[in-house]
């Protein structure tokens, strides 16, 4: 069985194909200490000159009083004043020499200090002064910034910065249904689905010159705004969502379950906007059982906490949970380490699993809200996925550029697809690499898929592989796809493995037909029945398997909620218009 969340000791191990420092300074380059040159010796004191003497062109070198100069040693022509007579010039010369000596002694530290040190002190003082008066600038919206080589965090995204550190204060009083409510009235049931026009659905057309992208999807996504048969995220608008629930097998009970799950997730968000697989660390205070073991994978946990809200159409700009989404996105953006290879979000315990999940959240938030302040971090997250791909096999695993496994590949491809639908840049060669990887782990001509090869195939990796093939362009009548759907359908929903259920539900939903109808009835009713309804755990799920031991109640709740959002979270791939912008 595939564990979708890495164990605490997941890493490069002894893989000979992995570089010795795969991540390095968060972008694959190992840090080296600069060689400091030896400090030059101070010049001999017998050669010291006063500042005034050295600055006077053509002046002869004058010895410091009390020391023998070269001219004196050679017998100079200077004549002493006659005995008994006062010589004003000599007296003035003595006074001048005393003054110069005093100056030399007072500035002696300047004469012995190397010039580079003096320059360093001066420029550091200047920079510190400028820092006090410099104001933060907005994130630029040019292609140059999308491939920025900055190493600091992206922390000036004013539009998504939370007003306070408390993000869970204003919660809906009722958990019934999605926050905006759902009522499958007779009027709604009778409407023509393909004629829906919902201005709140997404994504709207993006002016590619605003974000400086070099490549956008071939099709004009604006032509399908609000249509249920349009792009993959269009079903999340309020009107479209309500009708898609009815059209594809959902119910008021399933939507009420999603609404209760969102409330539970909101109540278990941390004050800094993050989520933690050990949900007991926040306001829960141990009232909910089954905390996860991966308590240091905050990026992965935060991304999983955000995705059900985004799946229900909630963004940081609209919806009753906008403050929760806002503070969660702000946490992710400020956790990003930006370098020459993109924005790294996989350096914590969650590694590339966490990065893929966070990239999906950022890309979906950008596509849904059209907030340009999210364009740069979303693109940077995609850039790092492109860099982290195994250059030989085309997959991804725990650390950048490792030989891939199907589980990690699934999350990275979903992130690339989300970015593609948001008009962000996804190189075609990266997608071709995914196809090459799937060819190496498939068996039965592509009907089943293994973890790192085709020999050890499983139900979960088969579901992931088939969903990837669907997004990569397999047609509905592909024989291997038909056989794979039959395999999943015959297996049926698992009572414990939500990782398998999550991917298999998407495959059957996209494929539609009788297999989907039978699967959905079992999956939907099972999740509604298993959701907790009393106490502090109300609205959550916990189905124990190897994955839930790592991710705990938070992981299980997020996966169950997204599974019940399947009716509108992504539109069926094989409906008209939904594949107009081919993923190539």
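Every number here is computed from the coordinates shown, using simple stated rules; none is lab data. Since this is a predicted model, take the numbers as computed values, not measurements. Reconstructed Cβ throughout: ideal geometry from the backbone, glycine too, with neighbour counts over all protein chains shown.
Quick notes on this one:
- Ranking of 494, 418, 119 by count of other Cβ atoms within 10 Å, fewest first: 119, 494, 418
- Relative to one another, the C-alpha centroids of region 239-312 and region 413-430 are positioned 25 Å apart.
- Peptides 309-321, 459-471 ordered by packing proxy, namely the average of other Cβ atoms within 10 Å per residue, highest first: 459-471, 309-321.
- Contact order relative to length of region 233-304, as percent, for alpha carbon pairs under 8 angstrom and 6 or more apart: 22
- Relative protection proxy for 365-374, 348-357, from highest mean packing down: 348-357, 365-374 (other beta-carbon atoms within 10 angstrom).
- Ordering of 331-339, 275-283 by packing is 331-339, 275-283, highest average first (other Cβ atoms within 10 Å, averaged per residue).
- Remark: 254, 540 ranked as 254, 540, counting other beta-carbon atoms within 10 Å and listing the fewest first.
- Computed from label points 7 Å out along Cα-Cβ, the spacing between residue 530 and residue 546 is 1.8 nm.
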